[in-house]
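First up is the structure itself, then whatever we jot down about it.
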Amino acid sequence: MKNIVLFIALFLFAYCVNAQDNISISFSNDYKDAYHISLFIDNPDGKNQTRLSNLNPNQTKSDSLPASTEIFIAD
């Protein structure tokens, strides 16, 4: 019984590790005015980034980042 539980646990762990690809985020503006947004991005490889954007009305911006990325948003 212990061997079966160990096998299932290892299988689930391997599946979770393989499932961590890139993540996608998107921001949209549903206001009538342009919206200013700042993203502070901390990548797992240690490269920090700052992205500044203006979103026009009805505009959507998308981005793809590696798994385990931390994102801080300021407006």
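Of all residues in region 57-75, those satisfying the criterion of being of a type outside the set (Asp, Glu), surrounded by 12 or more Cβ atoms within 10 Å (Cβ to Cβ) and out of contact with any Phe, Trp or Tyr (no Cβ under 8 Å at 6 or more places or on another chain) are 59, 65, 66, 69. Residue pairs whose Cβ atoms lie under 9 Å apart, separated by 6 or more positions or on different chains, with the first residue in region 28-39 and over 17 Å from residue 71 (Cβ atoms) and the second of a type in the set (Val, Ile, Thr) and part of a strand (DSSP E or B), are 29/37; 29/60.
Filtered by the rule that a residue be of a type in the set (A, V, I, L, M, F, W, C) and surrounded by fewer than 11 Cβ atoms within 10 Å (Cβ to Cβ), region 35-56 gives a lone residue, 52.
Each reported figure results from applying straightforward, stated rules to the coordinates on display, with no laboratory input. For clarity, every value in this text was computed on a predicted model and none was experimentally measured. Using ideal geometry, Cβ is built from the backbone for each residue, glycine included, and neighbour counts are taken over all protein chains shown.
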